[in-house]
Amino acid sequence: MNAGGLFLTLEGIDGAGKSSHLDALQALFEGQGRAVTRTREPGGTPLAETLRTLILEQPMDPLTESLLVFAARRDHIAQVIEPALARGDVVLCDRFTDATFAYQGGGRGFDTEVLSTLERWAQAGRGGQSEVALLQPHITLWFDLAPEIAAQRLAGARVPDKFEAQPVEFFRKVAQGYADRAAADAARFVRIDAGQSRDQVWQQVEAALVARGLAGEGRA
Ligand code: TYD
C-alpha cells in the first residue's frame, strides 16, 4: 500500500446516522487536497452491488450470507480499495468487515471463528507489509447508539430491508458484536456517541481526526 493511502471505515447499527457524515468527511479531506474514493459494503463494484441486492433482499442461512458478503468484499478490495490506496487516496468506506462480525456474528449468531477464516482468505497478503498482513482500515469510526433509539429513528423513515426489519433484540446482539470487535482492536476503533445531536456527533468525528493528526491546524 502507498504510505499516503488512508483507509477509513464507518460502522454502527442501522439508524445510528453514520452515513449522514460522509459528505462532510469527503469535504474535509478534499479540503486538504486529498483525492477521496467514497464507497460502501456490501457493494462498491458492479458484481458486489449485485451481491448486495441478494444479501439485503433474499432470506438465506448465515453461512451463505457470510460467503456472499466476503465474495463481494474480495471483489471490492481487488477492484476498488487496493488500487485507491495504492494511488494514495483517502478511501471512505461505509461499512467493512466489522459489520460482518457484528451482523452475521453477533446478530445472526454465526461462528466468528469461521468469519475470521474468511477474513484471512479475503484480506490476507493485502496489508502491504508482509505475506500475512491483513488489509484492515487504519481508522474505524464506530457510531454507537442504543438499539431502542436507533429503532425509533428508523421507524417509518423508509421501506426496511432484510436487516432493518429485524426486532430490537437483533440489534442488541449486533451492538454487542461491534463492542467485542472494538475491544479486540481498540487502537483502530474510535467510539462516537451517536446519541448526541448531529452537530455534536460531527464535532466528535472531527476531534478524533485531529487527535490522529488527520485534520485540524496544519492539515486542513
Ligand atoms: P447500510 O450500510 O445501512 O446501507 P443503507 O443505509 O442503504 O441501508 O445497509 C447495509 C446492511 O447490510 C446493513 O443492515 C448491515 C448489513 N451488512 C451485513 O449484514 N454484513 C456486512 O458485512 C455488511 C458490510 C453489511
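Just order 18-30, 55-67, 142-154 by mean Cβ neighbour count inside 10 Å, highest at the front, would you? Before the final figure, lay out the partial values.
Details: 18-30: 16.5, 55-67: 14.8, 142-154: 18.6.
Final packing ranking: 142-154, 18-30, 55-67.
Translational diffusion coefficient, Stokes-Einstein: compute it for segment 89-220 using the Kirkwood radius over C-alpha pairs as Rh, at 10 °C and 1.306 mPa s, and state it as an integer in µm² s⁻¹. Before the final figure, lay out each step's value.
Details: Rh = 16.5 Å.
Estimated diffusion coefficient is 96 µm²/s.
Considering only DSSP beta bridges where both residues belong to segment 1-134, give the percentage that are antiparallel (nearest 5). List each step's numbers first, then the result.
Values: 1 of 11 bridges.
So the antiparallel bridges in segment 1-134 amount to around 10 percent.
How much mean residue ellipticity at 222 nm does the chain get from its helices, if each DSSP H run of length 4 or more adds -39500 (n - 2.57) and you divide by all residues, to the nearest 500 deg cm²/dmol?
Values: 9 runs with 98 residues, N = 220.
So the calculated ellipticity at 222 nm is -13500 deg cm²/dmol.
Using the C-alpha atoms of the chain, what convex hull volume per residue, in cubic angstrom, is computed? Intermediate results must be reported in sequence, preceding the final value.
Numbers: hull volume 25.6 nm³, N = 220.
With only Cα atoms used, the chain gives 116 Å³ per residue.
Could the peptides 206-213, 91-98 be put in order, highest first, of the mean number of other beta-carbon atoms found within 10 Å of their residues?
Numbers: 206-213: 14.5, 91-98: 23.4.
Going by the mean number of other Cβ atoms within 10 Å, highest first, we get 91-98, 206-213.
Just need the relative contact order of segment 17-100 here, percent rounded to a whole number, with Cα pairs under 8 Å and 6+ apart.
Values: 87 pairs, mean separation 34.7, N = 84.
Relative contact order of segment 17-100: 41 percent.
Short version: ³J(HN,Hα) in whole Hz for each residue of segment 65-79, in order, from phi by Karplus 6.51 cos²θ - 1.76 cosθ + 1.60 (θ = phi - 60°), x for Gly and Pro, what are they?
Result, rounded to whole Hz: 4, 5, 5, 5, 4, 6, 5, 4, 5, 4, 5, 4, 4, 5, 8.
Throughout, read-outs are computed from the coordinates displayed, never taken from laboratory work. Computed from a prediction, not measured in an experiment: that's the story for all the values here. Because the Cβ atoms are built from the backbone with ideal geometry, glycine has one as well, and the counts that use them run over all protein chains shown.
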